[in-house]
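Here's the structure we're looking at; comments come further down.
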Amino acid sequence: MLIVGYDLGERVVLLSLMKSIKSLRNYVMEAQRKGVAVSHFNVSDSTQFNGIVEVATALDLPVIIGASEGEASFIGIENVIALVHAARAKGLPVFMNADHHRTYESACNAIDRGVDAVIIDGAKLPLKENIALVQRVVAHARAVTAETGRDVLVEAELGYIGESSKLLASVPDGIQKTDPVVVEMFVRETGVDLFAPAIGNIHGIVESGEPDLDIELVKQIVLNTKIPLVLHGASGNTAEDVQNAIKAGVAIVHINTEIRVAYRKGIEAALQADPREVSPYKYLGAGKEEMKKVVEAKMKLFAGL
Ligand SMILES: [Zn+2]
């Protein structure tokens, strides 16, 4: 058993630090007002987590750590939540999003364990079933807020942008943009806090080049829903395209594939440079440094720095 103690003085410092952190909802609303976006990066391990938090701390920016069902089961959702809570206890505005949770049970499990936001992804379901699923998760989030005071944001999506966070040879089949009329009804019926539109964005990176983002559609969806939008699959889109989407009302931007590529490249280079190296902190550390360059460039771009 490991016992970690702190005295009353430290506790007061801790609490005052914690008070200075706004809620994720506040950071997102403020970002949308200012025409900037909060960065969201997915992690599979604590090395990536540390690298992302190091960059966010150096830039003095809030950051959202995402873990999909697959990533969360690898790192352990309770572990990544504990890392996020530990960063917040140090006064850092680091938040946790349960990315693309596809069932009521897994979304509610993430909420109960302490995430700040959850994406209930029913985009592949028929519209009525998607709405019913999202309504149930929103009801659970609101019940948790009423009971604990913890604000939990619920995000949903309509349209289809693919499901891979890999390098893709071509645009996946079945890509479908969000209908701006249907989305107005969807947001009203479900009461979600955030919406992930399909505006030409694609999960993963299409190596032959990605379609342009439909900025007019972003404007239309913002007008119809009046809630902040979340851009998924922004890896592979041009800086200018993403900046225009942010100015039009995207308040959170997700990057996953690009940091995965950098992380792997850094690890490969370290192992090639020293094939006998077996210290994980050395070769993973090299991956982290390579990944941090991408994280820094993206955070600056999304924050308008
Ligand atoms: Zn996504």
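The alpha carbon centroids of segment 172-206 and segment 217-274 are separated by 15 Å. Residues in segment 153-292 average 45 Å² of solvent-accessible surface per residue, probe 1.4 Å, ligands and nucleic acids excluded.
Placing dummy labels 7 Å off each Cα toward the beta-carbon, the span from Asn26 to Lys166 is 4.3 nm.
Once you have a ≥ b ≥ c as the square roots of the Cα gyration tensor eigenvalues for segment 141-291, tell me rounded if a/c is under 1.5, and otherwise prolate or oblate according to whether a/b is larger than b/c.
oblate
With the helix formula -39500 (n - 2.57) applied to DSSP H stretches of n ≥ 4, the chain reaches a computed 222 nm mean residue ellipticity of -17000 deg cm²/dmol. In a reduced charge model with +1 at each Lys and Arg Cβ and -1 at each Asp and Glu Cβ, segment 177-278 shows a dipole moment near 220 debye about its Cα centre. Charge dipole (Cα centre; +1 on Lys/Arg Cβ, -1 on Asp/Glu Cβ; no other charges) of the chain amounts to roughly 680 debye.
For segment 179-190, putting each phi into the Karplus relation 6.51 cos²θ - 1.76 cosθ + 1.60 with θ = phi - 60° gives couplings of 7, x, 7, 4, 5, 4, 5, 4, 5, 5, 5, 8 Hz, in residue order, rounded to whole numbers and with x for Gly and Pro. Close amide-amide hydrogen proximity is noted between Ile205 and Lys166, Leu167, Leu168, each under 5 Å apart and 5 or more residues distant or on a separate chain (H modeled in the peptide plane; Pro and chain starts excluded).
Using packing as a proxy for protection, rank 61-74, 274-287 so that the peptide with the highest average count of other Cβ atoms within 10 Å comes first.
Numbers: 61-74: 21.3, 274-287: 13.6.
By packing density, highest mean first, the sequence is 61-74, 274-287.
Of all lysines in the structure, the ones whose alpha carbon falls short of 20 Å from that of Lys166, not counting any fewer than 8 places away in one chain, are Lys124, Lys265, Lys288, Lys292, Lys293, Lys298. If you sort the three axes of the alpha carbon gyration tensor as a ≥ b ≥ c, you get a/c of 1.5 or more for the chain and a/b no higher than b/c, which makes it oblate.
Taking a Cβ cut-off of under 14 Å around Val80, the surrounding Lys, Arg, Asp and Glu residues balance to a net charge of -4, with basic ones at +1 and acidic ones at -1. Think of the chain as a dipole: +1 on every Lys or Arg Cβ, -1 on every Asp or Glu Cβ, centred on the Cα centre; then among Tyr104, Asn237, Leu92, Leu92 lies furthest on the positive end.
Extending 7 Å from the Cα toward the beta-carbon at both Glu147 and Glu277 defines two label points whose distance is 4.7 nm. The lysines whose alpha-carbon is closer than 17 Å to the alpha-carbon of Lys219, local same-chain residues fewer than 8 away aside, are Lys34, Lys177, Lys247.
Computed from backbone phi, the HN-Hα couplings of segment 273-289 come to 5, 9, x, 8, 5, 10, 7, x, 5, 7, 6, 5, x, 5, x, 4, 4 Hz, rounded to whole numbers (Karplus: 6.51 cos²θ - 1.76 cosθ + 1.60, θ = phi - 60°; Gly and Pro given as x). Computed 3J(HN,Hα) for segment 85-96, one whole-Hz value per residue from the Karplus formula 6.51 cos²θ - 1.76 cosθ + 1.60 where θ = phi - 60°, is 5, 5, 5, 5, 5, 8, x, 8, x, 10, 10, 10, glycine and proline marked x.
The values are calculated or read from the model by the stated rules, or taken from the named source; none is laboratory data. Nothing here was measured: the structure is a model prediction, and the numbers come from that model. Virtual Cβ from ideal backbone geometry, glycine too; neighbours counted across all protein chains shown. Just the protein is used for accessible areas: all its heavy atoms, side chains included, with ligands, DNA and RNA removed. Shrake-Rupley method; radii C 1.70, N 1.55, O 1.52, S 1.80 Å.
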